[in-house]
Structures are given as C-alpha cells and as structure tokens.
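Just below is one structure, and these are the notes that go with it.
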2 protein chains.
Amino acid sequence: MYHEANQANDASDENEDAQSAYAYPLLIKRLLHTPMAHAREQEIVYRGKVRISYAQLQERIARLANGLERLGVKHGTTVAVMDWDSHRYLECYFAIPMMGAVLQTVNIRLSQAEIAYTIDHARAEVVLVHTDFLPVLEAIREKLPRVHTLVLIDDEGNVTPPPGLEFADEYERLLASSGTQFDFPDFDENTRATTFYTTGTTGLPKGVYFSHRQLVLHTITVMAALTSPEDGQRVHRGDVYMPLTPMFHVHAWGMPYIATLMGLKQVYPGRYVPDRIVELIREEAVTYSHCVGTILHMMLSCPQAKTADFSKWKVVIGGGALPNGLARAALERGIDIFTGYGMSETCPVLTLAQLMPSREPRTLDEEVSLRCRTGLPIPLVDLRIVDEEMRDVPHDGLASGEVVVRAPWLTQGYLHNPEASKVLWEGGYLHTQDVARIGTDGYLQITDRIKDVIKSGGEWVSSLDVESLISQHPAVAEVAVIGIKSEKWGERPAAVVVLHPECAMPVSAEDIRTHVMQFVETGKISKYAVPEIVKFVDAIEKTSVGKLNKKWLRENFD
Amino acid sequence: MYHEANQANDASDENEDAQSAYAYPLLIKRLLHTPMAHAREQEIVYRGKVRISYAQLQERIARLANGLERLGVKHGTTVAVMDWDSHRYLECYFAIPMMGAVLQTVNIRLSQAEIAYTIDHARAEVVLVHTDFLPVLEAIREKLPRVHTLVLIDDEGNVTPPPGLEFADEYERLLASSGTQFDFPDFDENTRATTFYTTGTTGLPKGVYFSHRQLVLHTITVMAALTSPEDGQRVHRGDVYMPLTPMFHVHAWGMPYIATLMGLKQVYPGRYVPDRIVELIREEAVTYSHCVGTILHMMLSCPQAKTADFSKWKVVIGGGALPNGLARAALERGIDIFTGYGMSETCPVLTLAQLMPSREPRTLDEEVSLRCRTGLPIPLVDLRIVDEEMRDVPHDGLASGEVVVRAPWLTQGYLHNPEASKVLWEGGYLHTQDVARIGTDGYLQITDRIKDVIKSGGEWVSSLDVESLISQHPAVAEVAVIGIKSEKWGERPAAVVVLHPECAMPVSAEDIRTHVMQFVETGKISKYAVPEIVKFVDAIEKTSVGKLNKKWLRENFD
C-alpha cells in the first residue's frame, strides 16, 4: 500500500503509483462525468427525426453494453460497425470500448473485397450492420468465418433480411430488452479501444488502432486547442455540432468524443446528401462541422446552398490541402473556415491553423492565406521536418522536409503488419510521408505527399502549390496536378481541371498555363511548375474518403 | 519490439505499449513544444522591470538545469525555492522537474519553525533563496542538515549575505556561466515533479506531491475547461496573465503552466503590494488573474483602485467561498469574476463556476448568485457528495454531503505521513472535508468545511451561508461566522464583522441580526442561523494564505 511505500523510501512511492487505486486510468468512460453532471437534458439529433437526451444516451450506452454482453462480447472482442453517421454510432463509440471490447469502424465506401478483408483481418466476431449494407454483407458473409453474431440496424423497423444472413437481434430491440445499468469496469488505460483501416492508394488497407489513454488524451488536448483562439475559429459550449467526416473515418476526427465531453447539442445526418445537409444546418442551427475540402465544395455547389445562411457556421477542413479558391468562396459565404492537419495514423489531429491574436484588420487575401496554411502543433505534439537522414531542416519558410512526429495519440503500428509498422516508426518518430515547410512564425505548410512531389528538371515541384495557384483562376472549380513522365525533364506537371458549370466564357489550356506563368514572373513558383498539359474533365476521380485519387489519375492519364 | 509482439498475439501488443518508445510519457517538457513553435517572441515580465522572451525562457531553463547539475542536482534531488512571484520561479517550475529533480515551493508565510520543518521533512538538499528571506534562512540554517547547497536570488545584485550563510552562487551569475543547451531526458511519467506543504489549521504542515503525468493532465484539462465557455469568463490566446495566488501555493493553481502552454504574455508581480498590482494591471494590460477573495477585497479597497479600469479583467476566485457582496462589488467594477474549487491536495482545480450558454439576459442578482456557486466538475473529474457511509446523497439542491473525488491529478497521499494519507484516501476516494450540495443543474455549492459546520439545536448550519447573507448588508466589508459553545443549543453562530471604513451610519449588532432575520422570514435560512452574538472588529485574523482563520477566531472568541 502507498503509505507503507512512503515509509520505505521515496523511489518506491513512484513505482507504486501506476498500480494504485488513485492512479485513475484514462478510460473513455471518464469522458462522461462532466456532461452527465450538467448536460443531461441536452439533445442528440439523428436526421432531424430521432431525438435523445444525454441522460438517454447514458442509459442507451448501458443497454447496448448489456445487450452485447448477452450476445457474447467480452473484454478484447472486436465488434465491427457498418452504419451511417448516427446516434447509434455515438453509442458504439462509448459502450464497446467501455466494456473493454474493441470498436472497429468499417469503411463502407471500400470495395466488397476490401470490406471483407478488413473485418476478417481485424478478427471481428460481431457485426452491427445497417440495412443499406445488407447486399454487401450477404456477398461477403462466407469470407467472415470468425464472425459469429450479426445485429441488424433497421431505421424503418420493417426490413426483412435476406435468407442467407442470420441475425441475433435488431439494434433497437436489443436495447429495449436490456437494462439501463452496467458497471463498466476499470482496466489498463493502454487497452485497445478502436481500430479501423486506412485507405492508402497502394496495397491492401492497413489497420491502425488506439488505446483508451490515447483517445482520452486526444479528446482533451484537441478540445483545449479548439477552444483557445481569441475570436472566430473557436469551438465553445454554445455550439451545435454536426460531423461531415464519416464516423467510420478516424472516429470522425475524434470530434464526437469532444462534442460529448463539452455537452454540445449534436446532429448526426445519416447518409450525406448535400441538400439535406444544408437543410439540417438551418433546421438544427448547426454551428460547427469538419470535412474534407471536396465535401464542402459539393455542399456549396448544391441548389439549396444558394439561399442558405452559413454565417454562423465554423468548418475545420482536413484530410488534404484547402485550396485558396475554396477558402475564399467559403469566407465570402460567411463561413468561418480553418484547417487541421493529421491522418488516420495520428488519431488524427496534429496541427490546427487558427489565427493568432492580432489587433490589425486583415485583408481578405491575408485571411485566405492564413486560413489555408496547416497551422500550429496542438499541445503535446513534437513535430519536426527532417531530411532523409532525419536531420532537422531550417524553419525559414523555404526549406522542405518530411513531417515526422511524436505525440501521445499515434498508432503504435499497423495491426498484424510488422513490416509496415517498422517503416512507419523508423528512427523513433512516426513518418507521415508528407512534405512541408515551417515558417518563421511556426506555421506548418504541407507542400505535398512524398509520392506526389513532381521531380522536374532536378527540382522538386509541389503538386499542391500548383493546384492552389490554378484554383485561384475564376473559372476553375476543382483541379488535380500530377507528375507525368518526360524524356527530357524526368517528370513534368500535368493539370486535370474541372470548370465551374456556370462558367460562360470558354477557357483553354493556354489560359490556365498563362495564369500560372504570372506567378513564375513574380518569383512565387519555379518555371518547372507550369503544367505542360492541361486536361479538362467533368469530374475528378476521388478515393473512398473523397480525396483526389492521384494514383488513379497517374495510371489513367493519356 | 512492437512488430514481434504484433506477430505473437494481440494481448501482448498492449503489454508492450507502456514501455515502447512511441508510448510518449507525459513529461513537463512536452508543455514547451507548442509555445516554442509559435510564441518565441512573446514576453514574460517581472515587476515591470525585467522582460524576457519565450525564446529566452527556453534558454534560461537550460542554463538553470546546467547550473544546478554542476551544483550536484540529480534525478530525485529535492530543490527548495524561496522567492516572490517571478520569471525565475517559472524557470524553476520547468527546469527542476525536467531534470528529474523535485521542485519544493516553500510557503514563505509560515513561521520560521514551520519553514525549517517543511524543508527538512521534504529532504531538500538545495535551497534557492531571495535576499528578502535571508534573515529566516539564517535563523533556521542549522535545522537543515541535509541542505548542502544554497543559491542566492538577488534582485539588486549588491546584497552581501550574512556571514553564517555560505552561497555556492547567485542565480543570475549561475545562469550566465551555464550553457543554453540541455538534453532533458525521458523518464517515467509517474516521477515526482513538485511538492509543497498545506497549511492546515491543525498540526504540522503536511506535504502533498504531484508527478509529471499529473501536472501535464491538470494543465491540459484546466486549459480545456477555462477556454470553453461561450462568452465571458473564458481564457484565450489573447489574454495577459498575472497570478495573484502566490507561486509557492499549489503552483499558483497550475496557471503558470497553462499560460506558458498557451503562449500568453505573463506578468509576475514580485511581492504583492496592492497599489503596485493595480498599476501593473494597467501598465501591462493584464486581463486574467486568480486569487482568494480576501486578496481581491484588499485590491478593490486600495486607493489606486478607485480610478482603475478593471473592465477587461477576468478573475477566478478560489481557496474559499466568494461572498455575494464581493462578487457584486467586483461585477459593478466591470470585473468578469467567477469561482473555482479545489485544494492543495487536488493540484488544485476540480470545478469551475462558469456560466452555461443562455440566450436570456440575466439580472445582476442572478449573475451574482451563479458566479458565486462553485460550478461544474471539469473534464475527467469524478466528484460525488456522500454521507458518512459513503452513500451518494441526492442532487436536489437540498441534501448535503461530503465532497469526495477521484481525478487524474490528486496527491497520492501526504509525504512521509502514512496515517494522514490513509484518512485522506479512505474508501478509494480523496476526502475533501468540504460539505456541499449539488443542484438539479449539476452546480456544486460548497456550504462549509466539515469542522466549521455549526451544530445548533439539532440542525447543521452552514457558516458560509450565514456569512454570505451578512456580507449583503451594505455596511459590511468582511465577515466570519463561527460556532461558539452554548449550554442550551450545543453550538450557536457568532459573527465577527468588519465595517466599511467609509460607513458613516452607526451599525449595531441588532441591525445585523435584523438583516439576517429577514431571510428567516422568507424561508431562505433556518432560525438557528441567526447569530447570537455579533462582534465588530477592525480586521479579521487570516491564515498564511489569506483565508479567514476560523480556528484562531474560535479559540480567541470572548
């Protein structure tokens, strides 16, 4: 006991700490103490149709745990979920890890073969599945020999599952038949809580995983970073939250945990339908969301958006660079837009591009430029940019290096994949494979993915830099820049451009090249950066999480 | 290695985590990553005279570590500091724990005998001492046989220490002669970082102690709680911080760590002289402070305060209840005042009384009442109110119980004091010895210390409740209510009152009793609460940290 240790000597006090009752492991259940003390009447809304209070959330978490325990879920069991963004998903975020089980959030945008691979590779034994995904599950059922239990999620309450699939219960029936009390145990804070698979453009999906300790530290620290700016761009207790990054993807950037801890009203939109999303923002007075740039672009382009009021809406953009053109369009609509940086391997948040205190009014150009940069490391993050020998490169806004990072919430490796894990953690830092500069003001600016950098005429050209310049052309709605083989230069940049549908004026490849050329003249970019080829398309191929699919573009460029 | 563990089985992954390189222990040095990335030019001011940048702070931390290492400080060495609030103290907050040594912050308001006891009891081997405390140190030097090294802190640079004290160096000379690089090592996050002694009103001072993990978690979580309210009462990156709780006392409530992590301008006032403090608020544009009520009262009463502009000043009041009268006076001066609750044993913050989002305008009375309550548990805090058998009492705003708590940052016990540690942690929760109610809105309201509750006529009367009512009398500047023995009732309340100096009207004991009586009539308080005796005094005895000394008052009441 601690008092005996005290008597013996000081050093043994310290050894006792980690094991003692008062050491208080950082478990996900701890995130519920504060909201349950003051926000029990606050509401959580699903598709504008279902409304539950936080008090009901707590009850439903206990019901779900009781139900799953009855179905055989134990400490260490992996439970896979296939659902749209919903209050149910939020319940799974808490109940499953709080039992000591592992929540696998299945990326339902992957191919059938990939979905089967990820569920089986994660050793999932139980699958909770929305009726919309029954055809997928039916097709892959026999590839999931470890899965012994299926639970149906039926929004309408009247779907008959296909005869090949046997369900132990339906989600709402399971909850209704289970008790509202569950004694969630204490256990080691390093117990795995969640896992999901990254959608790299090469090879099979790779599993990342996070412990209770990591998710609690990520939640508290991102909350501290999001709430601390002086004005604008900050999240506070009066906000209404709605994710626009799917809950299967890096646990929606961890934001549902933060929103719950803060006791915010939460709105879960189900499947993302742009018109419906715009309506929900109005109906539920949503003030805070996060998404990739392409989702915001899609929303701003939908018919309902023309007349919508976005002036109370804060949006964090991540998962890829925020093009200047999109940032400007968002600011002009009154959206308080800013950038975050991270990836599946990092839980995900590493930096936030919040404005620093300033008494000076800023021009729109300055605003756009500041908000598009990837920002400052959030607390506790040790972020470096290094050369190939892991030596730090100068923070002068000019030198580029790979971003390597340590933080309390990075995946410890890829699940059951020792070779990839070793590469990820080479040299004791997690390698992001992103190339970046750091300015004298400390702001990080991601310039490219290592594999997307265009090596032209002995120089490295950032595909993102060129995209950003092209996106400033008034006729351009979207652009991807890739490297294509060149006998003479090694590689040369090529641009794939989508024009604004309402763009009346004809725009030629030469117009785009001339537009970029002016930045060469002002010294903003090297002459190697001017795209040799400009191709106009109706839409740009995306990955399953909505990013520009440059691998596909490179392979299919002709 | 982790990838071998991965191959073996899932469970062993988890066991490896705590030991692996990527486990990233929560060490105090991690708090410097973010400010050093973006706030290197931000300033830290001492008495308006010395100004250093954060870049210099980082250099001076390394210099101090190099200097102390030269003087024999090693992992586990306890270094005691006797100084006023200063940039030097901030440097000690970081450098000493970051070396793996233990910082003892000496309460310089204790008696000589107590100071000697605390330094010796903590096993301190090195003492850093400001010239103002040389007489104390000279008097107790022979009671400190373990102390082998003294370092002088000489603001003027020309003080000759008394012949009986031998100094190894002077603080600024030590830094000047030491290098600006120090490779602060990684070690177990449960390593003790700080210790200091509580000033209980009974018995010898008791040592509390906190690990790196505890201080990092307290810093991040209190930052998250302080920054998240919707408007007012919130700390942000544009704030200018000045402590008015001494840095020796519970590391100034942990706020210097938070201010540094946030990259705020910081102002350290040296010794607290009310007029000078008011001037510093103006000169350095201070916007955020924290103190006990008596310090704020003292400041508002000083001559300079009459014409000062406090309208941009946020103040957290802790260390005792905030009387309604003081809250009202502060609000009327434009001060954004709110309450925090905690104690030395709890690092200290447990709750913050921030307003919840509301679209309704509030009356001044409502504001005062909300701001005086002790608020909501901050994230991760498991706070209960319980009866003598540790059963939860209802959260109905009526039932009282002792506040017991678990959180990631509570002292594990009292240093080298197993008996007191056992009492503190009885039943697996830390016992605060505070009596409180929790309302249906989740707000905690401390009603008394267990030992200060007045047991009168079979009822428990809260001395704080009666003080709060009396403080609303316009002529009352300060009041303490204590229980005095009564043949008939067991105990009866007695009030010790200080009248406003400018109060022209004569006020009698009967006037005060009549004032309280009206609240009996409205049912707000029981008739047992009306003080039997009202005594007028010029000043009320305080403890060394400025709290009402009720023990002294009880013992000296005649």
How about the stretch B:311-327: which of its residues are over 20 Å from B:Val481 (Cα atoms) and either more than 22 Å from the chain's Cα centre (by Cα) or assigned to a helix (DSSP H, G or I) (or both)? B:Ser311, B:Lys312
Run down A:Val222, A:Val240 and say which single residue is surrounded by fewer than 24 Cβ atoms within 10 Å (Cβ to Cβ) and at pLDDT 95 or above. A:Val240
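A quick yes/no check of all residues on (1) within 15 Å of B:Tyr24 (Cα to Cα); (2) modelled with pLDDT under 90:
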{"residue": "A:Arg373", "(1), (2)": "no, yes"}
{"residue": "A:Ile385", "(1), (2)": "no, no"}
{"residue": "A:Arg391", "(1), (2)": "no, no"}
{"residue": "A:Val405", "(1), (2)": "yes, no"}
{"residue": "A:Gly413", "(1), (2)": "yes, no"}
{"residue": "A:Asn417", "(1), (2)": "no, no"}
{"residue": "A:Ser421", "(1), (2)": "no, no"}
{"residue": "A:Glu426", "(1), (2)": "no, no"}
So which residues in the stretch B:369-396 are of a type in the set (S, T, N, Q) and in contact with a Phe, Trp or Tyr (Cβ under 6 Å, 6 or more places away or on another chain)? B:Thr374
Filtered residues of the stretch A:490-526 (kept if closer than 12 Å to A:His473 by Cα and under 31 Å from the mean Cα position of the chain (by Cα)): A:Val497, A:Val498, A:Leu499, A:His500
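Where in the stretch A:403-499 are the strands (runs of 3 or more DSSP E), entirely inside, with at least 3 residues that are of a type in the set (Val, Ile, Thr)?
Output list reads A:430-438, A:476-486, A:490-499.
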Some residue of the stretch A:345-355 being out of contact with any strand residue (DSSP E or B) (no Cβ under 6 Å at 6 or more places or on another chain), closer than 23 Å to A:Pro256 by Cβ and in a helix (DSSP H, G or I): yes
Grab the helices (runs of 4 or more DSSP H) fully contained in the stretch B:174-271, keeping just those with 1 or more residues being more than 14 Å from chain A (Cβ to nearest Cβ) and touching a Leu at 6+ places or on another chain (Cβ under 6 Å). B:255-262
Tell me which residues, restricted to the stretch B:501-525, are modelled with pLDDT under 90 and surrounded by fewer than 16 Cβ atoms within 10 Å (Cβ to Cβ). B:Pro501, B:Glu502, B:Cys503, B:Ala504, B:Met505, B:Pro506, B:Val520, B:Glu521, B:Thr522, B:Gly523, B:Lys524
Is it true that some residue in the stretch A:514-534 is assigned to a strand (DSSP E or B) and touching a Gly at 6+ places or on another chain (Cβ under 6 Å)? no
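Here's the yes/no breakdown for (1) modelled with pLDDT under 95; (2) within 26 Å of B:Leu380 (Cβ to Cβ); (3) part of a loop (DSSP other than H, G, I, E, B):
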residue: A:Glu4; (1), (2), (3): yes, no, no
residue: A:Gln7; (1), (2), (3): yes, no, no
residue: A:Leu26; (1), (2), (3): no, yes, yes
residue: A:Arg30; (1), (2), (3): no, yes, no
residue: A:His33; (1), (2), (3): no, yes, no
residue: A:Ile52; (1), (2), (3): no, yes, no
residue: A:Ile61; (1), (2), (3): no, yes, no
residue: A:Asn66; (1), (2), (3): no, yes, no
residue: A:Arg88; (1), (2), (3): no, yes, no
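Hey, any hits in the stretch A:481-489 for a residue that's within 31 Å of the chain's Cα centre (by Cα), more than 19 Å from A:Ala321 (Cα to Cα) and buried (at least 16 other Cβ atoms within 10 Å of the Cβ)? Even if it seems obvious, please write down each step before you answer.
We begin by selecting, within the stretch A:481-489, every residue within 31 Å of the chain's Cα centre (by Cα); these are A:481-484.
Then drop every residue that is not more than 19 Å from A:Ala321 (Cα to Cα), which leaves A:484.
In the following step, the residues that additionally are buried (at least 16 other Cβ atoms within 10 Å of the Cβ) were identified as A:484.
The answer is yes; a qualifying residue exists.
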Identity of the residue in the stretch B:289-310, of a type outside the set (A, V, I, L, M) and assigned to a loop (DSSP other than H, G, I, E, B), that ends up nearest to B:Ser463 (Cα to Cα): B:Cys302
Which numbered condition trips up B:Gly293, out of (1) in contact with a strand residue (DSSP E or B) (Cβ under 7 Å, 6 or more places away or on another chain); (2) of a type outside the set (Asp, Glu); (3) at pLDDT 95 or above? (3)
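Every residue in the stretch A:401-419 that is in contact (Cβ under 8 Å) with a residue 24 or more places away in the chain and within 9 Å of chain B (Cβ to nearest Cβ), please.
Quick first cut of the stretch A:401-419, residues in contact (Cβ under 8 Å) with a residue 24 or more places away in the chain only: A:401-412, A:414-417.
Listed by number, the residues that qualify are A:Arg406, A:Ala407, A:Pro408, A:Trp409, A:Leu410, A:Thr411, A:Gln412, A:Tyr414, A:Leu415, A:His416, A:Asn417.
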Test: residue in the stretch B:336-354 that is free of Cβ contacts under 8 Å to residues at least 24 places away in the same chain and surrounded by fewer than 23 Cβ atoms within 10 Å (Cβ to Cβ): no
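Could you grab me the full set of residues in the stretch B:176-208 that are under 21 Å from the mean Cα position of the chain (by Cα) and free of Cβ contacts under 8 Å to residues at least 12 places away in the same chain? Before you say what the answer is, go through the steps one by one.
So the first thing to find is which residues in the stretch B:176-208 are under 21 Å from the mean Cα position of the chain (by Cα), and the list is B:192-208.
Within the stretch B:176-208, B:Gly200, B:Gly203 meet the criteria.
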Go through A:Val273, A:Val286, A:Val292 for me and flag whichever is of a type outside the set (Lys, Arg) and without any contact (Cβ under 8 Å) to a residue 12 or more places away in the chain. A:Val273
Do you know which of the residues in the stretch B:535-558 that are hydrophobic (A, V, I, L, M, F, W, C) and outside any loop (DSSP other than H, G, I, E, B) is farthest from B:Asn107 (Cα to Cα)? B:Phe536
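The rows are residues; the columns are (1) in contact with a Cys (Cβ under 9 Å, 6 or more places away or on another chain); (2) among the aliphatic types (A, V, I, L, M); (3) under 23 Å from B:Val222 (Cβ atoms).
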residue	(1), (2), (3)
B:Asp309	no, no, no
B:Ala321	yes, yes, yes
B:Asn324	yes, no, no
B:Glu332	no, no, no
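What number of residues within the stretch B:358-399 satisfy the criterion of being polar (S, T, N, Q) and surrounded by 19 or more Cβ atoms within 10 Å (Cβ to Cβ)? Break it down stepwise before answering.
First pass over the stretch B:358-399, keeping only residues polar (S, T, N, Q): B:358, B:363, B:369, B:374.
Those still in the list that are surrounded by 19 or more Cβ atoms within 10 Å (Cβ to Cβ) too: B:374.
Counting residues in the stretch B:358-399 that are polar (S, T, N, Q) and surrounded by 19 or more Cβ atoms within 10 Å (Cβ to Cβ) gives 1.
Checking the structure you have, find out if any residue of the stretch A:305-312 is within 14 Å of chain B (Cβ to nearest Cβ) and either at pLDDT 95 or above or surrounded by fewer than 24 Cβ atoms within 10 Å (Cβ to Cβ) (or both).
Here is the first cut: in the stretch A:305-312, the residues within 14 Å of chain B (Cβ to nearest Cβ) are A:312.
Next cut, either at pLDDT 95 or above or surrounded by fewer than 24 Cβ atoms within 10 Å (Cβ to Cβ) (or both) only: A:312.
So far as the stretch A:305-312 goes, yes, one or more of its residues are within 14 Å of chain B (Cβ to nearest Cβ) and either at pLDDT 95 or above or surrounded by fewer than 24 Cβ atoms within 10 Å (Cβ to Cβ) (or both).
So that you can scan it fast, the table gives a plain yes or no per residue for (1) more than 26 Å from B:Leu26 (Cβ to Cβ); (2) buried (at least 22 other Cβ atoms within 10 Å of the Cβ):
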site	(1), (2)
B:Ala124	no, yes
B:Val129	yes, yes
B:Leu144	yes, no
B:Phe184	no, no
Restricting to the stretch A:396-417, name every residue that is more than 15 Å from A:Glu345 (Cα to Cα) and not acidic (Asp, Glu). A:Gly397, A:Leu398, A:Ala399, A:Ser400, A:Gly401
Quick check on my filter: what residues within the stretch B:420-437 are within 16 Å of B:Asp382 (Cα to Cα), under 23 Å from the mean Cα position of the chain (by Cα) and within 8 Å of chain A (Cβ to nearest Cβ)? B:Trp425, B:Leu430
Anything in the stretch A:29-66 that is within 14 Å of chain B (Cβ to nearest Cβ) and touching a residue at least 60 places away in the same chain (Cβ under 8 Å)? List them, or say none. A:Lys29, A:Arg30, A:Leu31, A:Leu32, A:Thr34, A:Pro35, A:His38, A:Ala39, A:Gln42, A:Glu43, A:Tyr54
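The values are calculated or read from the model by the stated rules, or taken from the named source; none is laboratory data. In this text the structure is predicted, and so the values were computed from the model without any measurement. Counting neighbours? That spans all protein chains shown, and the Cβs are built from the backbone with ideal geometry, glycine included.
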